[in-house]
Amino acid sequence: MLRFPSTTALSTVNIPVSDGARALNIEAWRYADEHLTDGRLEDHRLPFRLSSHTEKTVRIYVAELLAAGVWLPLQPKGYLLPDYLDYNPTREQVLAYRAEQAEKGRVGAAVRWGLPLPGLRAVGQGGSVPPHDGWQRP
């Protein structure tokens, strides 16, 4: 889930930039969240360009965001959303969470359908406790 700062870089009151630059900034945050970039944007990959604007207009918006300090330049060519990781998890955290949830889903499906799961054994196969009551590593 993408989170935005409420009073810093995205505040519509505090940034002296055009509405188009604000829209590009919000779209950049969305892109960073969707593609797990940790707030880093590559210059040659600005796929989040506003559909109704030309390349030249987008470059003007980027210049506004850089001048206002909302984006920072990265070398060789790219940009950084400086507050991004203050509000959102890192790529590694997201991938670890997804792996954990996938494992829980596999275990849950195995429990639900009574299927064996490699590396796990059912607890209570003796009859007093149903197999779906829990799983533990051997």
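The values are calculated or read from the model by the stated rules, or taken from the named source; none is laboratory data. Not measured: the values here are computed from a predicted model. Note: ideal-geometry Cβ built from the backbone for every residue, glycine included; neighbour counts use all protein chains shown.
Within the range 18-33, can you find the residues that are in contact (Cβ under 8 Å) with a residue 24 or more places away in the chain and over 19 Å from Lys56 (Cα atoms)? Give the derivation first.
To start, the set of residues in the range 18-33 that are in contact (Cβ under 8 Å) with a residue 24 or more places away in the chain comprises 18, 20-21, 23-25, 28-30, 32-33.
Within the range 18-33, Trp29, Arg30, Ala32, Asp33 qualify.
Please give the number of the condition Gly39 fails out of (1) on the phi < 0 side of the Ramachandran plot; (2) surrounded by 15 or more Cβ atoms within 10 Å (Cβ to Cβ); (3) modelled with pLDDT of 70 or more.
Result: Gly39 fails condition (1) only.
Sort through Ile60, Ile15 and tell me the only one that's surrounded by 14 or more Cβ atoms within 10 Å (Cβ to Cβ) and either of a type in the set (S, T, N, Q) or at pLDDT 85 or above (or both).
The unique qualifying residue is Ile60.
Within the range 67-89, can you find the residues that are at pLDDT 90 or above, exposed (fewer than 15 other Cβ atoms within 10 Å of the Cβ) and in contact with a strand residue (DSSP E or B) (Cβ under 9 Å, 6 or more places away or on another chain)?
Leu72, Pro73, Leu74, Pro82
Please determine whether any residue of the range 101-109 is modelled with pLDDT of 90 or more, aliphatic (A, V, I, L, M), part of a helix (DSSP H, G or I) and surrounded by 14 or more Cβ atoms within 10 Å (Cβ to Cβ).
Checked against the condition, which is being modelled with pLDDT of 90 or more, aliphatic (A, V, I, L, M), part of a helix (DSSP H, G or I) and surrounded by 14 or more Cβ atoms within 10 Å (Cβ to Cβ), the range 101-109 yields no hits at all.
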